[in-house]
Amino acid sequence: MKKMIHFIGFVLLLCIFLGGYYIFESYRDSNEKDKSEKMENVYITGVSGSAIKVYHNGEIQSYPMASTGDHITEGMANISLTEGVVTKISLMPDTITGKVLSVSDDEIEIEGYGTLKLSGNFKVYRHGDPIAMSSPEHIIVGYTNARFVVVDEKVQGAILEKKLNAGNIRVLLKTSDYSSYEHNTVKVTSNADFSITSGKETKQYAKGTEVNLDEKKRYTVKSPEGRITILSLKRQNKAPSYRGTLEVVGKQKGYHIINELPLEQYLYSVIPSEISTSYGAEAVKVQAICARSYAYGQILENKLRKYGAHVDDSVSYQVYNKAPENEEARKQADATRGQVIMAGDKVAATYFFSTTCGMTSSAKDVWYTKNEVPYLISKPQLIQAENKASAENGDLTDEKTFARFLSDKKESYDSHSIWYRWNVKVKAASMRASLEKNIGSRYQTNPSHIQVKTGDGFQSKKISTVGDIKEVLVVKRGAGGVAKAVEVRGSEAVIRIYTEYNIRLLLFGENTQISCHTGDKINGLTMLPSGFFVVSHKKGAFHFKGGGFGHGVGMSQNGAKKMAQMGKKYQEILAHYYPGTTLDYVY
């Protein structure tokens with residue numbers, strides 16, 4: 001019995017000892033970990049004596065080294081420290097360069113290297129004095145202004161080497177009905193000899209040869225002496241032809257088509273697609289400079305980088321190659337070559353549209369941006385002194401005042417346009433069908449802009465129908481009178497719709513005819529002409545009286561036409577629509 005007790009006591013003592021040892025070791029390990037640190041994918045800027053300078057967490061920090069730094073060079077590295085002293089440096093000297101073809105959240109495609117995965121701690125640095133952190137959106141597709149650090153077949157970081165000089169633009173082409181980026185088939189030819197490259201293989205073709213690109217891989221089509229025609233695509237019922245090169249990229253559901261060409265040549269086909277070149281030389285110059293400024297800004301914004309493009313060819317950006325280029329478009333683009341509109345030291349966001357109702361709108365009111373853009377503000381377009389016009393118009397955020405403004409039909413730079421005043425009757429059932437068809441996608445785009453009444457307030461909530469529509473009320477107007485928020489009261493729900501685009505789309509009925517003040521009858525629109533309207537309800541239908549065509553921000557193309565006819569030069573017209581900006585050259 002005593003032996004048993006002694007044995008149990010021995011076991012208990014052993015457990016206490018081992019437990020204490022484990023706690024001590026755990027504490028020691030934890031303490032050692034507290035004293036050690038590993039910094040991954042940092043940037044070494046140099047060595048000073050026995051200390052190393054490292055750019056980390058937005059600033060340059062200096063750390064003493066346990067050994068000499070003779071072998072240390074500037075660049076990315078992983079660094080281990082113990083009690084603040086650098087004990088190990090793993091340099092990443094191997095870099096690659098090449099034309100960037102696409103950038104997504106987890107991959108980057110580089111010409112000559114294919115698609116590479118990004119590491120979980122991927123970082124972007126902008127080389128300069130001083131070095132600075134950057135972000136993936138600044139890795140501009142189509143250019144070679146970055147070096148990439150690759151370790152274990154993963155891209156650890158990108159180093160942006162120099163300021164970008166954007167001379168080329170990459171355009172993502174939509175399908176014939178502009179509904180998608182995914183083309184089911186791609187068939188090409190050219191009016192001159194052309195080549196098609198895939199991987200390391202290049203094939204030559206005689207002009208007029210028709211080629212189906214039907215394998216899911218990347219092709220590059222070049223025709224240095226001619227233009228490439230896409231036979232499988234339609235623009236105004238014709239197969240369009242393109243300058244520059246085409247990249248056809250096989251995807252899971254189809255093919256993406258990217259047209260890369262010089263920015264100036266891109267304008268040749270944007271100008272006639274966006275404005276009639278019969279508007280006069282000064283108006284076409286205005287369009288050229290606005291289009292160039294907008295395109296240059298989009299290259300730098302790099303929003304379509306995951307597709308390998310800067311813009312697409314639809315109204316979502318600028319309409320491109322819907323109408324073929326012509327001599328006047330080329331002439332005025334060449335006459336203003338390189339000119340852009342500057343807001344301070346940045347290229348201005350030069351939005352434009354078709355026609356005003358006599359007032360432009362502010363970008364803040366139309367797109368619910370946080371801050372006002374000083375050169376994109378609401379401004380009277382009446383042909384008289386602007387201060388007098390503002391005083392006569394009154395407060396256009398007031399419903400009755402704005403209704404009177406629409407009824408007055410005062411002469412403005414846009415009053416010659418058929419869209420200066422319009423009216424439309426939308427049947428309640430037709431409006432309901434349009435709302436139910438589109439509200440889901442609009443909610444998905446920005447949930448905060450579709451709100452449902454719950455109790456005493458409204459909250460963002462997914463909804464598929466409001467039932468039979470009983471009433472439509474403009475509950476908030478922006479400067480210039482544009483509808484910012486509309487309340488739709490139905491038999492099953494009450495909702496509030498925000499932003500003029502949502503309002504125009506959701507309140508319009510399919511196959512609805514619009515009557516213009518000139519007597520013209522217009523069919524085929526998919527949304528209300530503008531957000532500048534008043535609405536009333538009569539006998540199962542909603543009657544809209546409005547003015548203008550488009551979002552109303554920036555330059556009015558019809559207004560520019562009138563100002564040009566009045567003898568104003570393009571510099572004066574641009575100063576009118578973008579107050580406080582200047583003209584400069586990007587190249």
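A few remarks follow.
- The strands (runs of 3 or more DSSP E) falling completely within the stretch 47-132 that include 3 or more residues that are among the aliphatic types (A, V, I, L, M) and over 30 Å from Lys200 (Cβ atoms) map to 51-56, 75-82, 85-91.
- Of all residues in the stretch 285-333 being acidic (Asp, Glu) and under 14 Å from the mean Cα position of the chain (by Cα), the one that is surrounded by the fewest Cβ atoms within 10 Å (Cβ to Cβ): Glu301
- Top-ranked residue in the stretch 158-173 [being in a strand (DSSP E or B) and touching a residue at least 60 places away in the same chain (Cβ under 8 Å); ranked as nearest to Asn184 (Cα to Cα)]: Leu172
- Condition check for Ala349 on (1) under 13 Å from the mean Cα position of the chain (by Cα); (2) in the same structural domain as Tyr242 (by TED's automatic domain parsing); (3) not acidic (Asp, Glu): one failure, at (2).
- When residues in the stretch 438-455 are screened for being closer than 25 Å to His537 by Cβ and at pLDDT below 95, 1 of them pass.
Conditions (1) in a strand (DSSP E or B); (2) touching a Pro at 6+ places or on another chain (Cβ under 6 Å); (3) within 28 Å of Asn237 (Cβ to Cβ); (4) among the small types (Gly, Ala, Ser), marked per residue:
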position	(1), (2), (3), (4)
Arg292	no, no, no, no
Val315	no, no, yes, no
Ala323	no, yes, yes, yes
Arg337	no, no, no, no
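- Some residue of the stretch 349-368 being more than 19 Å from Pro579 (Cα to Cα), modelled with pLDDT under 95 and part of a loop (DSSP other than H, G, I, E, B): yes
- Residue within the stretch 407-418 that is hydroxyl-bearing (Ser, Thr, Tyr) and outside any loop (DSSP other than H, G, I, E, B) present: yes
- Residue in the stretch 450-469 that is outside any helix (DSSP H, G or I) and under 29 Å from Gly358 (Cβ atoms) present: no
- Output for the stretch 136-156, where each listed residue is on the phi > 0 side of the Ramachandran plot and at pLDDT below 95: Asp152, Glu153
- So Gln287, is it out of contact with any Pro (no Cβ under 7 Å at 6 or more places or on another chain), in contact (Cβ under 8 Å) with a residue 12 or more places away in the chain and under 23 Å from Val100 (Cα atoms): no
- Meets criteria (farther than 26 Å from Glu274 by Cβ and of a type in the set (Val, Ile, Thr)) for Val535: yes
- Candidates Gly548, Gly455, Gly480 - the one that is loosely packed, with under 13 Cβ neighbours inside 10 Å and either farther than 14 Å from Met431 by Cβ or out of contact with any strand residue (DSSP E or B) (no Cβ under 6 Å at 6 or more places or on another chain) (or both): Gly455
- Among the residues of the stretch 12-26, none qualifies, meaning not one is part of a strand (DSSP E or B) and either surrounded by fewer than 16 Cβ atoms within 10 Å (Cβ to Cβ) or at pLDDT 80 or above (or both).
- Checked against (1) among the charged types (D, E, K, R); (2) within 27 Å of Ser415 (Cβ to Cβ); (3) free of Cβ contacts under 8 Å to residues at least 60 places away in the same chain, Lys484 meets all criteria but (3).
- The single condition among (1) surrounded by 17 or more Cβ atoms within 10 Å (Cβ to Cβ); (2) among the hydrophobic types (A, V, I, L, M, F, W, C); (3) over 19 Å from Glu40 (Cβ atoms); (4) free of Cβ contacts under 8 Å to residues at least 40 places away in the same chain that Ala51 does not satisfy is (1).
- Of all the criteria given as (1) surrounded by fewer than 21 Cβ atoms within 10 Å (Cβ to Cβ); (2) within 18 Å of Ser434 (Cβ to Cβ); (3) polar (S, T, N, Q), the one not satisfied by Asn502 is (1).
The values are calculated or read from the model by the stated rules, or taken from the named source; none is laboratory data. The structure displayed is predicted, hence computed values, not measured ones. A quick note on method: Cβ atoms are made from the backbone with ideal geometry, for glycine too, and the neighbour counts reach across all protein chains shown.
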